[in-house]
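Trainee: Shown below is the structure under consideration.
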Amino acid sequence: MAPYAMLQSMLDAAMAQAGEESSMLLGQSLTVGSSDVLNTDRKSFLGDDDGAFYAVGVESREAYPGRFYLLFSLGDAIVMSSILLGIPGPRVMEKRRLSIQEPDDVDAFGEIANQIIGSFNSVFQPKLPEKVHLKLLPPQKYVPGIDTLTDEIPFPEGSYLMYRAPLTISGYDMGQLDIMIPHALANLFDPQPAEGEVAETAAAAETAAAAEPAAEEPSAGTETGLAVLVLGDDDGRREIINGLSASNLHLIGAPLNADLPRLMSEGDVRAAVITLHDANDRDLAVCRRLAPMVDRRGGGVVVCAPEWTRTGVLKALKAGAKGVMIQPLDPQEFAAKLGKLVNA
């Protein structure tokens, strides 16, 4: 078995889920390919490439203390944040070419990074034997020749396992995501046998694999009973419910001022839709209360409104929404997005 095979499998699963969930957030497909792994250190990494990048620090807590880092090229970060903000494609290309970043871009990239770390948490926790909690640290932009190297910027000295995975967004020339994990933390996530134990461990693994029964495929009925909570005024709720009438989801409709804990107890609510006339702070307060309840069940909240501004999108994301959509909705596209969210 290859070294750190379990860790690589966890990372690939987390990145695949992050791509799916970020696609819902962006309203455009983002895929993260399988990773290649190599050993490196900070000096070697910085010497290989003089391009600017964002280092997204992740603090691992509980039984697996340490930090690792997700590195995105500045150009890729600009593309993703611009798409989230609804900027037209030609302007996105211009911003990338000129490395233009505005305050809204920085906030939007932070929301995307937060979404990605949420995906990592949901994959890591059930796969590790002890409790783990991954916390996002503020993304740090590093421009060679401008920003000064310090003990922590862009990431600390030391040896790392680097997992490199390609990013793909249709219409854009994307680079890759590099995940830098210190060897000490990698050994906590995926303890490696001592040299003398390698052959014995491999033989035991082969024996166990031969004896293990084949895993059963999940049945087609696993989605039965999953619910979507729909909040809004009568007309808004009616549009959402009519659009989802052909799905196999249990729909629970209610006004914005409804008793949220009671509604959550009415079924296995994995997603919620809030439909608004105007994405203002008062109405987004409902999202702020509801999002943690749905997040705990592995789902998320989508907020719909007739129009969105950059500021409105960022406010919705900061209120806990996993995505926003413009009304009137395309029923098939909307049902597909909700289906992914419900079964995340």
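Trainee: Given only helices, namely DSSP H runs of n ≥ 4 each adding -39500 (n - 2.57), what is the per-residue ellipticity at 222 nm of the chain, to the nearest 500 deg cm²/dmol?
Mentor: -13500 deg cm²/dmol
Trainee: Another one. Among the lysines, which have Cα under 25 Å from the Cα of residue 135 when same-chain residues fewer than 8 positions away are ignored?
Mentor: 127, 315, 318, 322, 340
Trainee: Follow-up. If the convex hull of the alpha-carbon atoms of region 5-189 is projected onto planes in all directions, what is the mean projected area in square nanometres?
Mentor: 9.8 nm²
Trainee: For the chain, what is the charge dipole size about the Cα centre, in debye to the nearest 20, if Lys and Arg each add +1 at the Cβ and Asp and Glu each add -1 at the Cβ?
Mentor: 900 debye
Trainee: Right, another one. By the gyration tensor of its Cα atoms, with a ≥ b ≥ c the square roots of the eigenvalues, what is the shape of the chain: rounded for a/c under 1.5, prolate for a/b over b/c, or oblate?
Mentor: It comes out oblate by the Cα gyration axes.
Trainee: Right, here's the next one. Starting at the first residue of region 124-137, write each ³J(HN,Hα) from the Karplus equation 6.51 cos²θ - 1.76 cosθ + 1.60 with θ = phi - 60°, in whole Hz, x for Gly and Pro.
Mentor: 5, 4, x, 8, 9, x, 10, 6, 9, 9, 9, 10, 6, 9
Trainee: GNM, the chain, Cα, under 10 Å: largest mean-square fluctuation among 314, 46, 161?
Mentor: Ranking 314, 46, 161 by mean-square fluctuation puts 46 first.
Trainee: Over the chain, what is the relative contact order in whole percent, taking alpha-carbon pairs under 8 Å and six or more residues apart?
Mentor: Taking the mean separation of contacting Cα pairs over the length of the chain, I get 18 percent.
Trainee: Per q in 0.23 1/Å, what log10 I(q)/I(0) does a Debye calculation on the alpha-carbon atoms of region 221-342 return?
Mentor: Log10 of I(q)/I(0), two decimals: -1.51.
Trainee: Report for the chain the percent antiparallel among DSSP-assigned beta bridges with both residues inside it, nearest 5.
Mentor: Expressed as a percentage, antiparallel bridges in the chain total about 65.
Trainee: Order of 72-81, 318-327, 252-261, 26-35 by packing, highest average Cβ count within 10 Å first?
Mentor: Per-residue Cβ counts within 10 Å, averaged per peptide and sorted highest first, yield 72-81, 318-327, 26-35, 252-261.
Trainee: For region 5-189, what is the charge dipole size about the Cα centre, in debye to the nearest 20, if Lys and Arg each add +1 at the Cβ and Asp and Glu each add -1 at the Cβ?
Mentor: It works out to roughly 220 debye.
Trainee: Also: In what sequence, highest mean first, do 98-111, 7-20 appear when ranked by Cβ atoms within 10 angstrom?
Mentor: Peptide ranking by packing, descending: 7-20, 98-111.
Trainee: Which one, 149, 291, 312, projects farthest toward the positive side of the charge dipole computed for the chain from Cβ point charges (K/R +1, D/E -1)?
Mentor: Checking the options against the dipole of the chain, the answer is 312.
Trainee: Here is a further query. Could you please state, rounded to a whole Å, how far the C-alpha centre of region 1-43 is from the C-alpha centre of region 285-344?
Mentor: 24 Å
Trainee: Could you give me the ³J(HN,Hα) list for region 300-308, computed from phi with Karplus coefficients 6.51, -1.76, 1.60 and θ = phi - 60°, whole Hz, x at Gly and Pro?
Mentor: x, 10, 10, 10, 10, 7, x, 8, 9
Trainee: Amide H neighbours of residue 85 under 5 Å, counting only residues 5+ apart in sequence or on other chains, H built in-plane at 1.01 Å?
Mentor: Amide H neighbours of residue 85, under 5 Å, 5+ apart: none.
Read-outs throughout are calculated quantities, based only on the coordinates presented, and are distinct from any laboratory measurement. Since this is a predicted model, take the numbers as computed values, not measurements. As a convention, Cβ positions derive from the backbone with ideal geometry for all residues, glycine included, and neighbour counts pool all protein chains shown.
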